[in-house]
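Enquirer: So that we are looking at the same thing, I have put the structure below in structure tokens.
Coordinate-derived values only; no laboratory data. Not measured: the values here are computed from a predicted model. Here the Cβ is made from the backbone with ideal geometry for all residues, glycine too, and neighbour counts use every protein chain on show.
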């Protein structure tokens, strides 16, 4: 079974501090693992730990920004669908209004085209008193339309923020992985070194402090 990041970090912590906190083990492997090299283990562990915390923060911020963007986009989209449905009912014989409301065109999946359609549709509603009056009967009041227009004005920035936060989260994830890989490489070498210096029953000295070199 694949170990979790937390369990792997705990194994590294036990190994590194099990060695550095035990003078006997430090002295035994000192020809290879000098004090400076042991300090490096602590630094690598702390760097990986910090990178993990940073990644957690960036990931949470990225998810929050994406949720905010999706919430507004879904709100606008639902309003657009409702308006088009109502327009088809109220303005069956008014071809000019149907054309202005673009009800004969499918809602684009492309973001830029979708935004243009939403913007022109709600702006047109604001400019046509008769349209506003009819749509108000199904809850699409002037205030509701104004809110949609406001959301459309904000959505580009929300999208950019979501993309920026997502990029920072991906970068943080990469940095976390790089720091973790460095730590694992150090711990792998340290275990190999301990394996050379502790053979047979002497390995009990390592097991006493939680270190397993197999």
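Enquirer: Which one of 46, 177, 204 has the biggest mean-square fluctuation once the chain is modelled by GNM with Cα springs under 10 Å?
Expert: Of the options given, 204 has the highest mean-square fluctuation.
Enquirer: Pull out the extension gain between residue 64 and residue 112, defined as 0.36 nm times the separation in residues minus the alpha carbon to alpha carbon distance; nm, one decimal. The partial results should precede the final answer.
Expert: Working: separation 48, 0.36 × 48 = 17.28 nm, distance 2.25 nm.
Gain in length upon complete extension: 15.0 nm.
Enquirer: Further, regarding this structure: Multiply the residue gap between residue 3 and residue 88 by 0.36 nm, knock off their C-alpha separation, and tell me the result in nm, one decimal place. Don't jump to the answer; show the numbers that get you there.
Expert: Details: separation 85, 0.36 × 85 = 30.60 nm, distance 5.73 nm.
Result: 24.9 nm gained on full extension.
Enquirer: Further question on the same structure: State the extension gain, in nm to one decimal, for the chain segment bounded by residue 124 and residue 202, taking 0.36 nm per residue of separation less the distance between their alpha-carbons. Don't jump to the answer; show the numbers that get you there.
Expert: Working: separation 78, 0.36 × 78 = 28.08 nm, distance 8.39 nm.
Difference between extended and current length: 19.7 nm.
Enquirer: Then there's this: Compute the angle between helix 111-127 and the longest alpha-carbon principal axis of the chain, please, reported from 0 to 90 degrees and rounded to the nearest 10.
Expert: The angle comes out near 40 degrees.
Enquirer: From the mean inverse distance of alpha carbon pairs (Kirkwood) and the Cα radius of gyration, derive Rg over Rh for the range 5-207.
Expert: Numbers: Rg = 30.8 Å, Rh = 21.9 Å.
Rounded to two decimals, Rg over Rh is 1.41.
Enquirer: Using a basic spin-label model with each label point 7 Å from the Cα along Cα→Cβ, how many nm lie between residue 147 and residue 23?
Expert: With each label placed 7 Å out from Cα toward Cβ, I get 7.2 nm.
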